[in-house]
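Below is one structure, written out as structure tokens; comments come after it.
The values are calculated or read from the model by the stated rules, or taken from the named source; none is laboratory data. These figures come from a predicted structure and were not determined experimentally. As a convention, Cβ positions derive from the backbone with ideal geometry for all residues, glycine included, and neighbour counts pool all protein chains shown.
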Amino acid sequence: MLAGIDLDRASSMPLYLQLYESIRSAILSGQLEAGIRLPSTRDFAASLGVSRNTVASAFEQLFAEGYITGKVGAGTYVAQIDNATASSPSFAQPDSTQLPCNLSQRGMKMLALRETIFRYRHDPVRAFRPGVPALDRFPVEIWSKLMAQHWRYAQPDLLSYGDPCGYRPLRECIAEYLRLSRAMRCKAEQVIIVSGSQQALDITARVLLDPGDAAWMEDPGYIGARNVFLSAGIDLVPIPIDEQGLNLEVGKLKCPDAKLAYITPSHQFPLGYTMSLARRLELLRWARQSGSWIIEDDYDSEYRYQSQPLAALQGLDDSGRAIYMGTFSKVLFPALRLGYLVVPPELVDVFAAARAVCDRHSPLFEQAVLTDFITEGHFNRHLRRMRVLYAQRQAALVGAAQPLKRWLKVPPCQTGMHLIGWLPEGVDDRAVSGQLALQGIIAPPLSAYRLEPSRQAGLVLGYAAFDTKAIADAIEQTIPILKEIVENLSSPNSQDPSYFSATDALLSAS
């Protein structure tokens, strides 16, 4: 098995990717036949003279792409691969000799991040994948009628180039909605339509940050934001989260002059805490005194179950340091790819220029349809229905998880579309997540969202996209798996490589 593996330690290609390519080539060529058992990560690492993490990372990539499979208590085996799988393209980094000799530093950073950026799945949504709304409850008929009306009476201005800042009527609708529902201080001129939150973050990083600048990042926090900042060469400063939100005292000790702070104050992702008023005011005071910026990511706070949605931090800002970010992916559907930024008046021109450089503007027909959807009252009615539905589904998850309380505690939350399932201290949540994935249950590990290690282990459990039966069935499958894993595993060094799972493939999308 080791005969065809030749690792070049002088190559710029990481060792785990060299190992991945070697094993993958051996599988595709038939040198390693389906059903052959692979050595353990410990034995493989010892034979090759590399770290066990190197082997585990290679196995994890092979597992995610379907080249190997794991069997509970029986190790890791070469999977049965048909011709379609064998001919499918790989997202692995190409051999270093094939890379352009003048690749930029940012390009190299993109390659380093490709494992999380490109690991998207298009499989049917399975419990408990987070970040997905109830797509089966979206009023498709209403949306299609509005779209048909616009095509039937298509206006020339919707067929031509548009304003980089977005369709003016939609910007007016959003500004009014934010003033009423979030107590924000904004005008339509400050609203810039973007293609989702990732573009919003990318534009903000281009305008406000230079490579080498420091930025506070919630820890744990949103992986999509982390990837944007790392690809831009930003020095991320992980700041811990407590029940009041971002711990500013730690931030000031670690890096008092950070250029920017990225926060999710209304519903911290992924822990679910709400930033206290005292912390919000303190954060704004720090930004004003240090000349720093605040990105307020308000990704799903429409879904609050015991009160109205909270006022935005931006509404408290009297010095123009806060930039507000919203998206329609969670409240309508992700494929719409429409979001928005609300920027201080003095930044509108530069953000508009950056938006034009990216891709000119977002599709105008979708913006026009969304405008009608809002002005005719369909948006608010849909939100009201989803609040009731998601509250029911959250209650179903909390109730169904009661038999798991010895191994997994799932407390309720006042807002959001997911919950945290807390594992006993010392349990490796990646191992648990991986073993659940082998059984078709998606529950990303909390540790994957962290920049710094922590003994707080948990699983991120989305519930919005799943009816009560799907939730109950997934929990029933989970009980024996968790019982076996949690009672027998407590150290990440004791895991079989099959536990490293395809759940990481979903983290960027969630």
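List the pairs whose first member sits in region 8-25 and is within 17 Å of Arg37 (Cα to Cα), whose second member is among the β-branched types (Val, Ile, Thr) and in a loop (DSSP other than H, G, I, E, B), and whose Cβ atoms are under 7 Å apart, counting only residues at least 6 apart or on separate chains?
Taking only residues 6 or more apart or on different chains, the pairs are Leu19/Ile5; Ser22/Ile5.
Residue under question is Trp143, and the condition is that it be more than 30 Å from Ala400 (Cα to Cα), among the aromatic types (Phe, Trp, Tyr) and surrounded by fewer than 16 Cβ atoms within 10 Å (Cβ to Cβ); does it hold?
no
Taking Leu284 and the conditions (1) touching an Asp or Glu at 6+ places or on another chain (Cβ under 6 Å); (2) in a loop (DSSP other than H, G, I, E, B), which numbered condition does it fall short on, given that it satisfies the others?
In the conditions (1) touching an Asp or Glu at 6+ places or on another chain (Cβ under 6 Å); (2) in a loop (DSSP other than H, G, I, E, B), Leu284 misses (2) alone.
Per-residue answers, yes or no, for (1) loosely packed, with under 14 Cβ neighbours inside 10 Å; (2) at pLDDT 80 or above; (3) among the hydroxyl-bearing types (Ser, Thr, Tyr):
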residue: Leu15; (1), (2), (3): no, yes, no
residue: Glu33; (1), (2), (3): yes, yes, no
residue: Ser47; (1), (2), (3): yes, yes, yes
residue: Pro94; (1), (2), (3): yes, no, no
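Can you tell me which residue within region 401-417, out of those that are crowded, with 16+ Cβ neighbours inside 10 Å and in contact with a helix residue (DSSP H, G or I) (Cβ under 9 Å, 6 or more places away or on another chain), is nearest to Asp473 (Cα to Cα)?
Ala401
What are the residues in region 313-348 that are assigned to a helix (DSSP H, G or I), free of Cβ contacts under 8 Å to residues at least 40 places away in the same chain, over 30 Å from Asp136 (Cα atoms) and of a type in the set (A, V, I, L, M, F, W, C), if any?
Leu316
Considering each of Arg355, Arg387, Arg381, Arg430 in turn, give the residue that is closer than 18 Å to Pro133 by Cα, among the basic types (Lys, Arg) and surrounded by 14 or more Cβ atoms within 10 Å (Cβ to Cβ).
Within the list Arg355, Arg387, Arg381, Arg430, the selection yields Arg387.
When residues of region 58-83 are filtered for being touching a helix residue (DSSP H, G or I) at 6+ places or on another chain (Cβ under 9 Å), in a helix (DSSP H, G or I) and either charged (D, E, K, R) or modelled with pLDDT under 80 (or both), how many remain?
4
Between Val398, Val369, which is assigned to a helix (DSSP H, G or I), surrounded by fewer than 20 Cβ atoms within 10 Å (Cβ to Cβ) and at pLDDT 95 or above?
Within the list Val398, Val369, the selection yields Val398.
Here is a list: Arg171, Arg185. Which entry is of a type in the set (Lys, Arg) and either within 13 Å of Tyr340 (Cβ to Cβ) or in a helix (DSSP H, G or I) (or both)?
Arg171
Listed residues Ala214, Ala225, Ala205; which is of a type in the set (A, V, I, L, M) and under 27 Å from Gly458 (Cα atoms)?
After applying the criteria, what remains is Ala225.
Specify which of the listed residues (Glu425, Glu452) is touching a residue at least 40 places away in the same chain (Cβ under 8 Å), farther than 14 Å from Thr478 by Cβ and outside any helix (DSSP H, G or I).
One residue alone meets the criteria, Glu452.
Test Tyr299 against the criterion of being in a helix (DSSP H, G or I), hydroxyl-bearing (Ser, Thr, Tyr) and within 26 Å of Thr468 (Cβ to Cβ), and give yes or no.
no
Which condition from (1) in contact with a Ser or Thr (Cβ under 8 Å, 6 or more places away or on another chain); (2) among the hydroxyl-bearing types (Ser, Thr, Tyr); (3) free of Cβ contacts under 8 Å to residues at least 40 places away in the same chain is the one that Tyr167 breaks?
If we test Tyr167 against (1) in contact with a Ser or Thr (Cβ under 8 Å, 6 or more places away or on another chain); (2) among the hydroxyl-bearing types (Ser, Thr, Tyr); (3) free of Cβ contacts under 8 Å to residues at least 40 places away in the same chain, just (3) comes out false.
Just to be sure I understand, how many residues within region 312-333 are out of contact with any Ser or Thr (no Cβ under 9 Å at 6 or more places or on another chain) and either crowded, with 16+ Cβ neighbours inside 10 Å or more than 16 Å from Tyr262 (Cα to Cα) (or both)?
13
Would it be correct to say that Ile223 is in contact with a Cys (Cβ under 7 Å, 6 or more places away or on another chain) and of a type in the set (A, V, I, L, M)?
In short, no.
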